[in-house]
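Quick notes on the structure that follows.
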Amino acid sequence: LFPEPAFHSDDFLTVIAASLALFFVLAFLYPVSRYLRALVLEKETKIKETMKIMGLSAWAANLSWVITMVAQSSLTVLLMTLLGARTVFSYSNSFLIFLFLFVFSLALVMFVFLVSTFFSKAKTAATAGTVLFFATFFPYYALTGPGTAGSRAKAAACLLAPTCLGLGADVLAALEGGLMGLQWDNIHVQPGETNFSFTAAICMLLLDAVLYGLLAIYLEAVLPSEFGTHLPFYFPLL
């Protein structure tokens, strides 16, 4: 027999790996509800139209909301990173954890803008939007486990940002469970049976943010509203 170094693992991460993604999504439920309510309330109370009459451009109004939401989300993400660095993610690079959650928060903000285009009542938007956000996480359960889905299927499912968050959390749990943690030299690694990498999660979340933002701009222009006239669906080709 040839001697081998002893194998060590973190049993805590092994136990909570299946729940880690759910904890992340639950942490963002309240911000989604609050952002949606505030954004649609501005539409419901006619404040946005009044500011347009006074000369404020639509892009400036939307940009102000983006900056506000991203700033508030950054504080939440920073607190989550600081708490997790000493408890759950003790082996990982804290900046990479922050980057992962921050990029997800960007996608979340664009998701809020996209959903807000369909509503004119704040309470309805806050309720329905939160349910929709939570529902887009459940495809994650169909993609996890040994032999359930390949990397292409997971990449396609990552067009739903909460699902992508869950798949990225699986990568973090796998690396932490092996006592390596997420580091700069293993961001391209697909640990265990995850068929996914940290780099893929970041890239897909950035794609989600861009895609949601473009869809929000398009739908805001073409969907009928109480004020103004909507553009034809083919206006980008004009």
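Within a Cβ distance under 12 Å of Ile97, other residues only, what is the Lys/Arg minus Asp/Glu net charge?
Summing Lys/Arg as +1 and Asp/Glu as -1 gives 0.
With a 1.4 Å probe and every protein chain left in place, tell me how much accessible area Ser116 has, in Å² to the nearest 10.
Near enough 10 Å² of accessible area.
Give the calculated FRET efficiency between Val131 and Gln190 to the nearest 0.05, with a Förster radius of 35 Å applied to their Cβ-Cβ distance.
With R0 = 35 Å, the Cβ-Cβ based efficiency is 0.60.
Based on the Cβ-Cβ distance of Ser64 and Leu214, what FRET efficiency does E = 1/(1 + (r/R0)^6) give at R0 = 25 Å, to the nearest 0.05?
Computed FRET efficiency for Ser64 and Leu214: 0.85.
Once fully extended, how much extra length lies between Thr87 and Met54, figured as 0.36 nm per residue of separation less the alpha-carbon to alpha-carbon distance?
The span from Thr87 to Met54 would gain 6.8 nm if fully extended.
Once the whole set of protein chains is in place, how much accessible area is left on Ser74, using a 1.4 Å probe, in Å² to the nearest 10?
Only protein atoms counted, so the area is about 30 Å².
Based on alpha-carbon centroids, what's the gap between region 146-224 and region 46-92 in Å, whole number please?
Region 146-224 and region 46-92 have Cα centres separated by 21 Å.
Among 104-112, 209-217, how do they line up from the highest to the lowest mean number of other beta-carbon atoms within 10 Å?
Put in order of decreasing packing, that is 104-112, 209-217.
So for the pair Leu29, Thr76, with labels modelled 7 Å out along Cα→Cβ, what separation do we get in nm?
Distance between the two pseudo-spin positions: 1.2 nm.
Using a 1.4 Å probe and ignoring any ligands, DNA or RNA, find the accessible area of Tyr141 and quote it in Å² to the nearest 10.
Answer for Tyr141: close to 100 Å² accessible.
In what sequence, largest accessible area first, do Glu42, Glu49, Glu220 appear using a 1.4 Å probe?
Glu220, Glu49, Glu42
If you stretched the chain out fully between Glu4 and Leu41, how much longer would it get, using 0.36 nm times the residue separation minus the C-alpha to C-alpha distance?
Here the segment from Glu4 to Leu41 would lengthen by 7.0 nm.
Taking just the C-alpha trace of region 119-228, give me its Rg and Dmax in Å.
17.2, 58
Averaging the inverse of every distinct alpha carbon separation and then flipping it gives the Kirkwood radius. What is it for region 64-105, in angstrom units?
It is 10.5 Å.
If I compute solvent accessible area with a 1.4 Å probe over the protein chains, what percent of it on the chain is carbon and sulfur?
Here it works out to 70 percent.
Using Cβ-Cβ distances only, list the Cys residues of the chain with no partner cysteine under 4.7 Å, sorted by number.
So far as the 4.7 Å Cβ criterion goes, Cys203 stand without a partner in the chain.
Any idea what angle helix 94-116 forms with the longest principal axis of the chain, computed on alpha-carbon atoms, 0 to 90 degrees, nearest 10?
Compared with the principal axis, the helix lies near 30 degrees.
Roughly how many Å² is the accessible area per residue of region 119-237, as a whole number, for a 1.4 Å probe?
Each residue of region 119-237 exposes 51 Å² on average to a 1.4 Å probe.
Under 20 Å from the Cα of Lys46, which lysines turn up, not counting those fewer than eight places away in the same chain?
Leaving aside lysines fewer than 8 places away in the same chain, those within reach of Lys46 are Lys121, Lys123.
Per 0.36 nm of contour for each residue apart, how much would the distance between Thr124 and Ala142 grow if the chain were fully extended, relative to their Cα-Cα spacing?
Using 0.36 nm per residue and subtracting the Cα-Cα distance, I get 3.6 nm.
The values are calculated or read from the model by the stated rules, or taken from the named source; none is laboratory data. As the structure is a computational prediction, the values presented were derived from the model and not from experiment. Every residue, glycine as well, gets a Cβ built from its backbone with ideal geometry; the counts of neighbours run over all protein chains shown. Please note that ligands, DNA and RNA were not included when accessible areas were found on the heavy atoms of the full protein model with its side chains. Shrake-Rupley method; radii C 1.70, N 1.55, O 1.52, S 1.80 Å.
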